[in-house]
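Participant: Encoded as structure tokens, here's the structure I'll be asking about.
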Amino acid sequence: MAAVAVRAMRVLLWLVLAGALPAQALELQADRHYRQVHGDFLFELNTLPVDTHPALVRERVAAQFAPVPGQQLDFGFTARTVWLFLPLSNHTRQASTWVLALNTRFMNDIAVYQWRSGQWQTLMRNSENSDFGDRPLDYRHLAVDFDLDAGEDSELLIGYTSRGTSYLPVSIESEQSFADMRELAVARSAGFYTAAALMFLYGLFQWLLLGNRIHLHYILYLGAAVLYVFHMDGLSFQYLWPQLPGWNAFAALPLGLLINVAAASFSRHFLQTWRTAPRFDRVIVAIMWACALALLWGVLVEDQQVKRVGFWLSSIGAAVYLAAGVNALLGGQRFARFYVAGWIGICSAAVVSSLVHSFPGVLPVALAFEVTKAGILFDALMFGMAMADQAAEVRRQRDAALEREMRSLAEQARTRNALQAAQAGRNDALRLAREKSLQLAGASHDIRQPLAALKVALAQMPGSGGSPGDALESVAYLDALVSGYLDNARAEHAAAPSARELQEPFPVQLVLDAVTRMFSAEAGDKGLRLRCRPSSAQVVGDPLATVRIVSNLVKNAIAHTGSGGVLIGCRRSPGHCTICVADSGGGMDPAQRERLQRAFEQGDESREGHGLGLHIVNSLCRREGYDFTLDSVAGAGVIARVRLELATGRNFPG
């Protein structure tokens with residue numbers, strides 16, 4: 001009975017005070033929505049807890065409640081409880097259901113009461129400890145439906161507290177308009193998240209394809225921004241952590257600070273401020289540390305004032321990142337132009353958001369959030385274009401560097417070719433000098449034998465028993481040698497005939513006789529027999545060169561034969577005549593044969609000589625086109641063969 005009496009007293013008091021209310025009842029029509037209702041509310045800020053009985057709060061309406069100032073239900077950052085009072089009236093002829101859409105993702109503590117049928121009914125009771133499933137309607141924002149009979153008058157009383165902004169964009173929707181509003185919100189969200197997902201995939205693809213770390217920082221920044229928007233849209237509580245209301249109440253602070261840190265990291269790596277702008281780099285690093293300290297402050301102390309600091313910290317960060325981009329652009333980094341454009345967009349959105357939260361009621365918070373979402377998309381798009389521009393600039397620089405490298409390589413190749421040509425010239429000069437030296441040595445070698453023969457012949461002249469013919473023949477040979485060397489010298493300075501052009505047919509016996517007479521005395525002095533088998537063959541060649549070849553072979557044979565003798569002869573074969581010089585000396589093995597054909601190589605170092613005989617033979621044979629072979633078995637003597645072409649009718653002039 002006492003409870004009934006108390007309730008009756010409250011109803012009576014409400015009836016007495018109802019006529020003094022300054023607010024007029026909001027007349028509701030069927031299938032209509034009411035989204036500009038801030039002027040229909042009365043409000044009060046006090047310290048009464050949200051779960052205070054609505055009748056006690058209702059008693060304060062006439063004396064304490066006042067019309068809502070400004071154009072929004074926004075009372076700034078406040079720790080007090082916000083109470084809103086709205087009288088309603090159903091002006092339809094039938095009972096209807098409406099939806100009280102609070103259009104906010106979360107409140108730390110909120111209660112909605114309806115006066116109906118002479119009593120207060122609790123429509124919603126939600127706190128920071130309530131799961132998402134505890135909400136009256138399965139919707140990303142707080143909303144509750146209520147009924148009114150035809151012509152019924154009623155009242156709504158809303159009480160809430162917030163550790164963030166107190167903005168509450170209330171609207172009253174019919175069931176149809178509420179469904180339409182939900183579909184529109186889904187379409188807007190789908191557009192935003194689809195665009196963000198495409199840019200995220202672009203950054204991820206570029207990172208995986210190119211391995212450039214700047215794309216990793218880009219997708220981290222874009223991911224942080226999208227996660228923040230997802231949370232502020234109320235979708236994170238609905239889909240990601242519906243059973244973590246405590247984290248959901250706190251998440252806005254770390255997620256907002258995470259965007260700032262990710263943006264700072266992207267800016268540092270995109271502009272490489274540690275290298276190009278150390279002062280800006282220090283400021284950017286300081287902002288990152290400030291975000292970390294702000295998060296620590298929010299965790300350890302309280303997060304209501306930190307959220308306001310976080311808004312201004314984001315604005316300051318955006319301004320610094322923008323200034324760093326302008327500095328890079330002025331410094332000649334053309335790829336920073338899209339980066340600057342992106343930060344102009346996000347900086348404008350950050351300034352609008354900070355102004356909205358710092359001066360409540362001036363602009364709707366919902367507008368600031370939409371501007372922020374648009375700014376994030378624009379920013380991400382510009383950043384993507386900036387990275388593409390930077391990649392193009394890097395490619396241009398790389399192509400220019402490659403072109404310079406190619407020019408350098410070409411120059412190096414020309415220099416290397418010039419050096420190689422110079423080295424080849426040097427080698428040719430050395431070869432020619434060596435050939436000159438060998439020619440001079442060969443001349444000395446060849447001249448020694450006719451001189452020795454001449455000396456012997458002169459010793460045997462009248463009074464000595466010698467033959468004038470032998471002396472004259474030796475003198476003629478000397479003259480021919482000197483003339484040959486003079487011809488070679490002239491050939492180096494003028495167009496001289498080649499060795500083949502100097503060849504002519506001649507009887508081989510002339511060569512055999514000349515060599516026999518030249519070396520008979522030397523062979524006799526050693527106790528050797530020098531025999532010559534006559535030949536009637538006519539050959540084609542250079543007579544003087546042939547004499548030099550055979551004389552060097554005979555001289556070597558005499559020098560390396562200790563006993564026995566040396567035989568000179570010819571053998572014919574189809575089209576050729578082979579001059580043979582055989583001795584009965586000690587012979588040589590194959591290694592010795594190869595070695596002794598090189599210049600200045602001797603088989604016996606104790607003997608007199610210069611080791612040029614076989615080298616001269618080999619060189620002259622190559623020059624004249626003769627075939628030269630040397631056959632020997634150790635201990636069985638040596639047979640030297642020089643094959644010449646037989647003279648035929650077509651070899652003779654005319």
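Every read-out reported here was derived from the displayed coordinates using simple, explicitly stated rules and does not represent laboratory data. Treat the numbers as computed from the prediction; the structure is a model and nothing was measured. FYI the Cβ positions are ideal-geometry reconstructions off the backbone, even for glycines, and counts take in every protein chain you see.
Participant: Just report the Cα centroid separation between the stretch 56-77 and the stretch 524-554, whole Å.
Facilitator: The two parts, judged by their Cα centres, are 140 Å apart.
Participant: Calculate the spin-label point distance for residue 392 paired with residue 572, positioning each point 7 Å from the Cα along the beta-carbon direction, and give it in nanometres.
Facilitator: Modelled inter-label distance: 9.1 nm.
Participant: Same structure again: Give me Rg/Rg_expected for the stretch 2-181, where Rg uses Cα atoms only and Rg_expected = 2.2 N^0.38 Å with N residues.
Facilitator: Its radius of gyration relative to the 2.2 N^0.38 Å reference: 0.99.
Participant: Right, next: Can you pull out the trypsin sites (Lys or Arg not before Pro) in the stretch 500-552 that DSSP calls coil and that have at most 15 other Cβ atoms within 10 Å?
Facilitator: Here the sparse-neighbourhood loop sites are 500, 526.
Participant: Under the 0.36 nm per residue contour assumption, what length would be gained going from the current alpha-carbon distance of residue 531 and residue 147 to full extension?
Facilitator: Between residue 531 and residue 147, full extension yields an extra 123.4 nm.
Participant: Now for a separate question. Return the Cα extents of the stretch 126-199 along principal axes one, two and three, sorted largest first, each rounded to a whole Å.
Facilitator: Computed over the stretch 126-199, the largest-to-smallest principal extents equal 52, 32, 23 Å.
Participant: Got a sec? How would 518, 385 order by Cβ neighbour count within 10 Å, fewest to most?
Facilitator: Least to most surrounded, the residues fall as 385, 518.
Participant: Could you pull the Rg and Dmax for the stretch 208-309, using just the Cα atoms, both in Å?
Facilitator: 15.6, 47
Participant: Using the reciprocal of the averaged 1/r over all distinct C-alpha pairs, how large is the Kirkwood radius of the stretch 189-393 in Å?
Facilitator: That comes to 17.3 Å for the stretch 189-393.
Participant: Would you order 88, 123 from fewest to most other beta-carbon atoms within 10 Å of each residue's own beta-carbon?
Facilitator: With the sparsest Cβ surroundings first, the list reads 123, 88.
Participant: Please report the spacing between the Cα centers of the stretch 130-153 and the stretch 386-425 in Å, no decimals.
Facilitator: Cα centroid to Cα centroid, the span is 74 Å.
Participant: Starting from the Cα of residue 134, step 7 Å toward the Cβ, then list every residue of the stretch 44-74 with an amide N under 14 Å from that point.
Facilitator: Only 50-51 pass the distance filter.
Participant: So for 122, 546, 165, fewest C-beta neighbours within 10 Å to most, what's the order?
Facilitator: Going from sparsest to densest Cβ surroundings: 122, 165, 546.
Participant: Per-residue HN-Hα couplings for the stretch 146-154, Karplus 6.51 cos²θ - 1.76 cosθ + 1.60 at θ = phi - 60°, whole Hz, x for Gly and Pro?
Facilitator: Karplus values, whole Hz, x for Gly and Pro: 8, 10, 9, 6, 4, x, 7, 9, 8.
Participant: Take the Cβ-Cβ distance between residue 424 and residue 274 as r, set R0 to 56 Å, and report the resulting FRET efficiency rounded to the nearest 0.05.
Facilitator: Efficiency, from the Cβ-Cβ distance: 0.60.
Participant: Here is a further query. Please quote Rg/Rh for the stretch 260-323 to two decimal places, taking the Kirkwood radius as Rh and restricting both calculations to Cα atoms.
Facilitator: Over the Cα atoms of the stretch 260-323, Rg/Rh equals 1.03.
Participant: Per 0.36 nm of contour for each residue apart, how much would the distance between residue 46 and residue 180 grow if the chain were fully extended, relative to their Cα-Cα spacing?
Facilitator: Using 0.36 nm per residue and subtracting the Cα-Cα distance, I get 44.6 nm.
Participant: Starting from the Cα coordinates of the stretch 34-124, work out the convex hull volume and express it per residue in Å³.
Facilitator: Roughly 126 Å³ of hull volume per residue.
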